[in-house]
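Have a look at the structure below, then the notes.
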Amino acid sequence: MNLWLRLLRIIVGALLGRRLGMFDTSELRFRVWPHDLDLNIHMNNARYLSLMDLGRADLIIRTGLHTVMLREGWQAVIGGTTVRFRRPLKPFQACRLTTRLLCWDDRWLYIEHRITTADGTLACAALVKAVFIRKGSRVAPAETVARIGVTTPSPAAPDWVKVPEVVPE
């Protein structure tokens, strides 16, 4: 995480902002600054992933999951990310990041990130599988969501999400 000022803004905004339910969508707005650029003078592909870290932080804080993490000593861990880059983001261009929990299984929480331009054009989409750990072992995704009041089963995975039945170790 190398976006300390942006992170600080997200934390303060999330703590002071509207609470979200586990299935609500977090929305953050950014601008592409010169330090976000690569040699092609558009946003570096790694910067997209860094912004997505901020989106997950916003979702965790605004759902109240951060209090459970602090109390229980949990850490969020990413197990994999599938990213599709569609359009470049140019210097000083405004963009919007949306983050939402799609579903979960016995091992992972599946989170969608979308980065769009100000006019709504998709620039990047990602599917992240994540889990929380405590003392080196996994917290079951169902326990994770139950700790903030979600007792319903996971929603069905969207057709475009290929959630494997068995994950090889």
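Entry remark, the stretch 53-67: residues being crowded, with 19+ Cβ neighbours inside 10 Å, more than 12 Å from the chain's Cα centre (by Cα) and either among the hydrophobic types (A, V, I, L, M, F, W, C) or outside any helix (DSSP H, G or I) (or both) number 1 in total. In the stretch 25-51, the residues that are of a type in the set (S, T, N, Q) form Cβ pairs under 7 Å with partners that are modelled with pLDDT of 95 or more and not in a strand (DSSP E or B), at six or more places apart or across chains, as follows: S26/L20; S26/G55; S26/D58; S26/L59; S26/R62; N44/D36; N44/D38.
In the stretch 9-42, which residue that is in contact with a Cys (Cβ under 8 Å, 6 or more places away or on another chain) and part of a strand (DSSP E or B) is surrounded by the fewest Cβ atoms within 10 Å (Cβ to Cβ)? Checking each candidate, the answer is R29. The set of residues from the stretch 85-111 being of a type outside the set (V, I, T) and crowded, with 19+ Cβ neighbours inside 10 Å comprises L89, C95, L97, L101, L102, C103, W104, W108, L109, Y110. For the stretch 72-81, the count of residues that are in a helix (DSSP H, G or I), out of contact with any strand residue (DSSP E or B) (no Cβ under 8 Å at 6 or more places or on another chain) and either modelled with pLDDT of 95 or more or farther than 26 Å from L37 by Cα (or both) is zero. Looking at A130, A118, A76, A123, just one residue is among the small types (G, A, S), surrounded by 13 or more Cβ atoms within 10 Å (Cβ to Cβ) and either touching a Pro at 6+ places or on another chain (Cβ under 7 Å) or under 18 Å from R29 (Cβ atoms) (or both), and that residue is A123. Would you mind telling me which numbered condition in (1) small (G, A, S); (2) part of a strand (DSSP E or B); (3) at positive phi G120 fails? Among (1) small (G, A, S); (2) part of a strand (DSSP E or B); (3) at positive phi, G120 violates only (2). Filtering I115, I111 for residues that are under 23 Å from D36 (Cα atoms) and either in a strand (DSSP E or B) or small (G, A, S) (or both) leaves a single hit, I115. Check whether at least one residue in the stretch 84-98 is over 17 Å from L59 (Cβ atoms), free of Cβ contacts under 8 Å to residues at least 60 places away in the same chain, in a strand (DSSP E or B) and not basic (K, R), and report yes or no. Within the stretch 84-98, one or more residues are over 17 Å from L59 (Cβ atoms), free of Cβ contacts under 8 Å to residues at least 60 places away in the same chain, in a strand (DSSP E or B) and not basic (K, R).
As a summary of the residue check, V131 satisfies the conditions (1) modelled with pLDDT under 95; (2) aliphatic (A, V, I, L, M); (3) in contact with a Phe, Trp or Tyr (Cβ under 9 Å, 6 or more places away or on another chain) except for the one numbered (1).
The values are calculated or read from the model by the stated rules, or taken from the named source; none is laboratory data. Every value quoted in this text rests on a predicted model; they were computed, and no experiment measured them. Note that each Cβ is placed from the backbone with ideal geometry, even for glycine, and that neighbours are counted across all protein chains shown.
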